[in-house]
Amino acid sequence: MLYLSAGRGVGFSVDLKAWTKNSVSCGYPYSQPSLTSLLMYLQVAPLFTNMEEVVGSPEDKEFTCFSDAIAIHKEGGDDLSVENVKNIETAVEAGNWVELVSIVKEIKQEASRTTVKIAVTGDSGNGMSSFINALREIGHEEEDSALTGVRTTQKPALYSSSKFPNVELWDLPGTGVTSQSMENYLKEMNFRKCDLIFLIASEQFSLNHVKLAKALQSMRRRFYVVWTKLDRDLSTSALPEPQLRENILKNIRENLQEEGLVDPTIYLVSNFSPSFHDFPKLRHKLTKDLPEIKYYSLFGILFQVCEKIIDKKMKTIKKYIKEDNLQGGLGISDPNNLAECHKVFQEYFGVDDKSLRQVAVTMSHPDTYFTDAMQSQVTQTHQLDGLTPSLLHQFRDQAVKFAYRCFRSTHAQQEHVLDEAVEKTKKILNIILKDTLLP
């Protein structure tokens, strides 16, 4: 008898002798025969605590992709044409990744001819217009300079620079110019159409800044925080520069963290010293990021379109499960056979081995590219002290999942298999879009 601890109060006892001769009916398909047969004969010790917490669900996991709150302007072709959207939806509905790759390549080609849109926003008086001049390395009184001082920007103004070709720099009215609510301000400024936003601050990182940052992050818009009046802070503070800088950065991060926001890139500059402090670093970063910035925005839009169809397909299957209609809806001969459900779900979403080999070859990758990528992610989740996990470590996590299924209803087990197929589909989608779009 072998006893294995899975952590978090979950333990398993395995009769190794009996395991070699028997199997149980509530198994689950895995690619490794030896591991499968072992899982098939687990006896679960009564040490369960919070199994939902142990297993988790796709909804609990954070995907490295942009997947929500991204506008698709179907009228006017601002982001994607109606035809492109329909073609993408059709390809994803059919689980046809090869066709999706072809469509995305065409869209990328079209996007390569468009300009990068960069917006500059923040509270009025924070030096937004002066920042645009400093970024372009021109004086504040030149013919093409942005209006500064008491001449507050009242409406969006477009500027360009030979230092950043094919870039539109939009100087937006500050949040304090009108009495409109933040919701109306966000709607009117239409940040969803921007590829990058500079969030300008000085003196304090206000509630308006936090609201803007929260809104931009929810839209999956890339943004940098820029503190524009470091020279004035240095002249009025008794603190040495390193300590002052640290205090400013800490204040900004703490304000954002209180709202659960991820730390953005922060630059501390002086609008009147465009060659000092963080300005050179900012300018270098911008120049480096420009070739891919537009594609990150496009990535988010495309992911949302595809994810919408994936979720729609998932809801259809969940309806079949609820109605005990997997046989009629998907042609599953034995809905109680989780191995068959697993196989059919994978084929339905186009993430079975055959489909993945086809799309890998289309993208000029080895035919095992996607299966290797998925296995690599599994291996990374099993890392322990920097070492590759042994079979026992892999077994432990698989065993937890297996035991959970044995204590759930048939519908719950089917939905769990479905959730895993959906999670895999979104990860494959993420890889396809990144490899096709991003430099």
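The values are calculated or read from the model by the stated rules, or taken from the named source; none is laboratory data. Quantities reported herein were computed from a predicted structural model and do not represent experimental measurements. Neighbour counts run over all protein chains shown; Cβ positions are idealised from the backbone, glycine included. The area values use the complete protein model at the heavy-atom level, side chains included, leaving out ligands, DNA and RNA. Shrake-Rupley method; radii C 1.70, N 1.55, O 1.52, S 1.80 Å.
Rounded, prolate or oblate: which fits region 185-253, taking a ≥ b ≥ c as square roots of the Cα gyration tensor eigenvalues, rounded meaning a/c under 1.5, else prolate when a/b beats b/c? Prolate shape, in that a/c is at least 1.5 and a/b is the bigger ratio.
A cut-off under 12 angstrom between Cβ atoms defines the neighbours of residue 236, and their net charge, with Lys, Arg +1 and Asp, Glu -1, is -1.
Residues whose amide H lies under 5 Å from that of residue 223, counting only those 5 or more places away or on a different chain, are 197; hydrogens are built 1.01 Å from N in the peptide plane. The HN-Hα couplings worked out from phi for region 253-262 by the Karplus form 6.51 cos²θ - 1.76 cosθ + 1.60 (θ = phi - 60°) are 5, 5, 4, 6, 5, 4, 9, x, 8, 6 Hz, whole numbers, x standing for Gly and Pro. Across the protein chains, with a 1.4 Å probe defining accessible surface, the residues 284, 342 rank 284, 342 from largest area downward.
Fully extending the segment from residue 239 to residue 354, taken as 0.36 nm per residue of separation minus the present Cα-Cα distance, adds 35.0 nm. Packing, as the average of other Cβ atoms within 10 Å across residues, places the peptides 429-435, 258-264, 185-191 in the order 429-435, 185-191, 258-264, highest first. Shape class for region 248-296, computed from the alpha carbon gyration tensor (a ≥ b ≥ c): oblate, with a/c not under 1.5 and a/b at or below b/c. For the set 416, 365, the ranking by accessible area, highest first and with no ligand, DNA or RNA atoms included, is 365, 416 under a 1.4 Å probe. Let me make sure I get this right: for region 89-222, a, b and c are the square roots of the gyration tensor eigenvalues over alpha carbons, sorted descending. Under 1.5 in a/c it's rounded, otherwise prolate if a/b > b/c, else oblate. Which is it? Oblate, since a/c reaches 1.5 and b/c is not below a/b. Compared with the direct C-alpha span, the chain from residue 322 to residue 193 gains 42.4 nm at full extension, assuming 0.36 nm per residue. Using a simple spin-label model with pseudo-atoms 7 Å out from Cα toward Cβ, residue 181 and residue 435 lie 4.6 nm apart. Pairs of Lys residues in region 259-376 are counted when their Cα atoms are under 30 angstrom apart and they lie 8 or more places apart or on different chains; the count is 25.
Using the beta-carbon distance between residue 203 and residue 81 and R0 = 41 Å, what value does 1/(1 + (r/R0)^6) give for FRET efficiency, to the nearest 0.05? That pair, residue 203 with residue 81, gives E of 0.40.
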